[in-house]
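Have a look at the structure below before the remarks.
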Amino acid sequence: MTNNPDQKNVILLLTRPLDGNERFCLEIKHLLYKCEILDSPIQKIKFLPSLSKVNKNAVLIFTSVNGLRAAEKHNLTNNRCFVVGKNTKKIAVSFGYEVLGFSKDQENLLKLIKSKKPTESMVHIRGKHTVGNLCAYLKKSEFSCLEIIGYNQEPLKIKKQNLQKIQSGRPVILPIFSSRSAKLLQSNIDLTGFNIVAISEAVAKILTGAELGELVISKKPDLNSMQEATLAILRRLIKFDSNKS
């Protein structure tokens, strides 16, 4: 994924697992030509053999694409689901699921499920490291819900060649999509001077002790808003660089 630096000064450090970095760049790559893109996942997704307990008539809940992939990997025959995120919905539909409802985050999905009042049992297939406890809240509202860990997010180190570049003093833009990623990044590298795009207030709070160049919180917790915030910082940095020269 790394493009040709060609004397580009600004670095865009992308740390999402699997194909997340590719998806981040897919529709805006033509706007990123003035920066060097470094692909360096901070987590690796490992799918777990733990889905045999799923009732074939249960409604599945996917709060991430990886939960959906875990279900597909284990060939679950369930065909109805609730999901978080437009991309998760898009992939679920392409896999043949009937999406009963989707929302931008877990909090709004909980409200949606409550409003629809499903009578079937539900199964939330999630990662080992997940913020919030959707199943617990559903149980408190007297819905039947089983929580299954379908995958683990194993930590990775920043690639050595990328570490050298981001420590060279060049401006760095770093989009961060989860609290776990924020914690892993903070323990892996010195974020001093980095320009951070945080997907939420919760992610931003983790970084309050760092002396950042800029900290921007995405307007919405979705891919499009993260892309827009990243491009806004990139434009400011490029303008600053051109003014210097």
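All of the numbers you see were taken from the coordinates with simple rules; none came from a lab. In this text, all values refer to a predicted model and were calculated from it rather than measured experimentally. Because the Cβ atoms are built from the backbone with ideal geometry, glycine has one as well, and the counts that use them run over all protein chains shown.
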Tell me the angle of helix 223-244 to the major Cα principal axis of the chain, expressed in degrees between 0 and 90 and rounded to the nearest ten. 0
Under-5 Å amide H pairs with LEU12, H placed in peptide plane, nonlocal only: GLU36, ILE37, LEU38, ILE173
Select from the range 102-179 those trypsin sites (Lys or Arg not before Pro) which occupy a DSSP coil region and have at most 16 other Cβ atoms within 10 Å, ordered by residue number. LYS104, LYS128, LYS157, LYS159
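Taking loop as defined by DSSP and a crowding limit of 13 other beta carbons within 10 Å, which chymotrypsin sites (Phe, Trp or Tyr not before Pro) in the range 1-103 fit? Don't skip to the answer; put the middle values down first.
Values: sites: PHE24, TYR33, PHE47, PHE62, PHE82, PHE95, TYR97, PHE102; in loops: TYR33, PHE95, TYR97.
Answer by residue number: TYR33, PHE95.
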Which aspartates and glutamates, if any, have their Cα less than 17 Å from the Cα of LYS46, not counting same-chain residues under 8 positions apart? ASP19, GLU72, GLU154
Antiparallel DSSP bridges in the chain: what percent, to the nearest 5? 15
Using a Förster radius of 25 Å, what is the FRET efficiency between THR77 and LYS140 based on their Cβ-Cβ separation? Nearest 0.05, please. 0.30
Summing Lys, Arg as +1 and Asp, Glu as -1, what charge do residues with Cβ under 12 Å from the Cβ of ILE158 carry, ILE158 excluded? +2
When the Kirkwood hydrodynamic radius is evaluated over all pairs of different C-alpha atoms of the range 83-201, what value in angstrom, to one decimal, is obtained? 17.1
Pop the C-beta distance of GLU22 and ASN133 into the FRET formula with R0 = 30 Å and round what comes out to the nearest 0.05. 0.45
Ignoring the sites themselves, what is the longest stretch of the chain with no GluC sites (Glu not before Pro) in a DSSP loop and at most 11 other beta-carbon atoms within 10 Å? 28-141
Over the chain, the sum of -39500 (n - 2.57) across DSSP H runs of at least four, divided by residue number and rounded to 500 deg cm²/dmol, gives at 222 nm -10500 deg cm²/dmol
Going by a ≥ b ≥ c, the root eigenvalues of the Cα gyration tensor, does the range 45-153 fall in the rounded group (a/c under 1.5), the prolate group (a/b larger than b/c) or the oblate group? rounded
Debye sum, Cα scatterers, the range 138-186, no solvent: what log₁₀ I/I(0) at q = 0.13, 0.21, 0.27, 0.31 1/Å? -0.54, -0.92, -1.12, -1.19
Structure shown: which of LYS29/LYS73; LYS34/LYS220; LYS89/LYS117 lie over 27 Å apart, alpha-carbon to alpha-carbon? LYS29/LYS73
Using Cα Rg over 2.2 N^0.38 Å as the read-out, say which of (1) 0.95; (2) 1.02; (3) 1.09 was calculated from these coordinates. (3)
Report the relative contact order of the range 45-153, percent, no decimals, based on alpha-carbon pairs under 8 angstrom and at least 6 residues apart. 33
Once the dipole of the chain is set up from charges on Cβ (+1 Lys and Arg, -1 Asp and Glu), the residue from the list ILE176, LEU26, VAL93 lying farthest towards its positive end is VAL93
Relative contact order in percent for the chain (Cα pairs under 8 Å, 6+ apart) equals 19
Give the separation of the Cα centroids, the range 170-243 to the range 14-83, in Å. 22
